[in-house]
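These notes concern the structure reproduced below.
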Amino acid sequence: MNCSSKEEEIYVPIPYSLEIPELFADKLIAPIIPTNNPLTEEGVALGKKLFFDKILSGDETQSCASCHNPQKAFTDGLQFSAGIDGFLGTRNAMPLFNLAWNFDELFTWDGQEFGIENQALEPVSNPIEMHSDWKNVAQKLQNSSEYVTLFNQAFGTSKIDSTMVVKAIAQFERTLISANSKFDRFLLGEATLTEEEQNGFDVFMDEARGDCFHCHGSNNNPLWTDNQFHNNGLDATFSDLGLGVVTGDPADNGKFKTPSIRNLTFTAPYMHDGRFATLEEVINHYSEGLQPSATIDPLMKKVNEGGVHLTTQDKTNLKAFLLTLTDTEFITNPAFLR
């Protein structure tokens, strides 16, 4: 603390030291931290409290964590989440981790939100999600002496508004780092893959077999996603246009953001609409279930054959590899739990 000329105490927040995993430091550029929202101890702590607080929803029955449960890698295990009025959404809740390395800064399945702060803004007022009003939320927080103190410590102001709320939540979300899977430890020389797991990685990297790495990265990309948008052959026609809704370009119809394949153990069901309940179904889709369409990604090279046609053994091995990307420490980290 220091004192102003008016003898008023002004709280100076403590910079938050983001622990960058060794693999990330070696293979990725620095995380994206906006200059107008630097990480601080107080901001992160406030963001965590808000993330788990049901006060953000209209009837105070749901929080951000209702659809983004830390113990499910910040998903909810449902095909579609229900909002406070019982209405279901149309897309699967995305997991939340390693967001600070989303270098194009486009979030949600269709890329509608630019920056984590904007992504955190929309669900509160969405009528099929938390169905609240930001003015009401700000007033409820303003009526809490605890929150007034916490906002003052984090941002130097006791006037609470939506901008301050989402800045705090975004700070917390940028600390959600997953980097301690078996495969991470293997790359660091701290673990050994089984023959099945190694063969599965070979399938993943083989253009003639799995051909998975173009969209999901490799041992040189610890994010395990390219963070780009692709039509991966789910449908011949589209009830959900995905990126096309945002850009208005028919060439983007049916394209959705590539999710990370980290923590697949915890994030079922899969795809933007949660249509696949198991990893076996996902693998079968790429093996023999591809659907041709006008915007199918060129990376789906064997779409005319229905897929890459993996052998039964290749499918088993590929699943074994994918499971090595499970980070149990992430879902039990007390820093991320309520």
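Since every read-out is calculated from the coordinates, none of them should be taken as a lab result. From a predicted model like this one, the values you see are computed outputs, not experimental measurements. Every residue, glycine among them, receives a Cβ derived from its backbone with ideal geometry; neighbour counts consider all protein chains shown.
Can you give the FRET efficiency for Glu60 and Glu19, using 1/(1 + (r/R0)^6), R0 = 30 Å, r = Cβ-Cβ distance, to the nearest 0.05?
0.35
Let a ≥ b ≥ c be the square roots of the eigenvalues of the Cα gyration tensor of region 13-177; is it rounded (a/c under 1.5), or, if not, prolate (a/b larger than b/c) or oblate?
Oblate shape, in that a/c is at least 1.5 and b/c is the bigger or equal ratio.
If a/c stays under 1.5 just call it rounded; otherwise compare a/b with b/c (prolate if a/b is bigger, oblate if not). Do that for region 66-135, with a ≥ b ≥ c from the square roots of the Cα gyration tensor eigenvalues. Walk me through the numbers before you get to the answer.
Numbers: a/c = 1.88, a/b = 1.24, b/c = 1.51.
Because a/c hits 1.5 or more and a/b fails to exceed b/c, region 66-135 counts as oblate.
Between beta-carbons, use under 12 Å as the cut-off and find the net charge around Ser260, counting Lys and Arg +1, Asp and Glu -1.
0
Pop a pseudo-label 7 angstrom from the Cα along the beta-carbon direction at both Thr157 and Thr237 and give the gap in nm to one decimal.
Label-label distance for Thr157 and Thr237, simple model: 5.0 nm.
Residues with beta-carbon under 11 Å from that of Gly83, excluding Gly83: net charge, scoring Lys, Arg +1 and Asp, Glu -1?
Every neighbour counted, the sum reads -3.
For the chain, what's the relative contact order in percent, using C-alpha pairs closer than 8 Å and at least 6 residues apart?
20
Under the Karplus relation 6.51 cos²θ - 1.76 cosθ + 1.60, θ = phi - 60°, what is the ordered set of whole-Hz ³J(HN,Hα) values for region 56-72, x standing for Gly and Pro?
Karplus values, whole Hz, x for Gly and Pro: 6, 8, x, 10, 6, 10, 9, 10, 4, 5, 5, 9, 10, 7, x, 7, 10.
Enumerate the whole-percent occupancy of each 5 Å bin, from 0 to the last occupied one, for all C-alpha pair distances of region 1-110.
Per 5 Å bin, starting at 0, the Cα pair percentages come out as 2, 9, 13, 17, 18, 14, 11, 8, 5, 2, 1, 0.
List the aspartates and glutamates whose alpha-carbon lies under 15 Å from that of Lys48, not counting same-chain residues fewer than 8 positions away?
Reachable aspartates and glutamates: Glu117, Glu146, Glu173.
Can you compute the charge dipole magnitude of the chain about its Cα centre, using +1 on each Lys and Arg Cβ and -1 on each Asp and Glu Cβ, nothing else charged? Give it in debye, rounded to the nearest 20. Could the numbers behind the result be given before it?
Numbers: 24 positive and 47 negative charges, 80 e Å.
I would put it at about 380 debye.
Long-range amide H contacts for Asn69: which residues qualify at under 5 Å (H placed 1.01 Å from N, peptide plane, sequence gap of 5 or more or a different chain)?
Phe74, Thr75, Asp76
Quick check: from the Cα gyration tensor, does region 182-331 come out rounded (a/c under 1.5), prolate or oblate?
Taking the square roots of the gyration eigenvalues as a ≥ b ≥ c, region 182-331 is prolate.
For the Cα atoms of the chain, what angle does the longest principal axis make with the long axis of helix 41-51, in degrees from 0 to 90, nearest 10?
With rounding to tens, the tilt is 70 degrees.
Filter the cross-link list Lys182/Lys301; Lys27/Lys182; Lys27/Lys301; Lys167/Lys255 down to pairs whose alpha-carbon distance in this structure exceeds 24 Å.
Lys182/Lys301; Lys27/Lys301; Lys167/Lys255
For Thr40, enumerate residues with amide H under 5 Å from its amide H, sequence gap 5+ or separate chain, H modeled in the peptide plane.
Those qualifying (amide H under 5 Å, at least 5 residues apart or on another chain) are Tyr16.
Roughly how many nanometres apart are two label points built 7 Å out from the Cα toward the Cβ at Thr328 and Asn143?
Each label point is offset 7 Å from its Cα along the Cβ direction, giving 4.5 nm.
Any chance you could give the angle, 0 to 90 degrees and rounded to 10, that helix 162-174 forms with the longest Cα principal axis of the chain?
Value to nearest ten degrees: 50.
Using 1/(1 + (r/R0)^6) with R0 = 51 angstrom and r between the beta carbons of Leu193 and Glu105, what's the FRET efficiency to the nearest 0.05?
Details: r = 34 Å, r/R0 = 0.66.
The computed FRET efficiency comes out at 0.90.
Cα axis of helix 145-155 to longest principal axis of the chain: angle in degrees, 0 to 90, nearest 10?
Once rounded, the angle reads 70 degrees.
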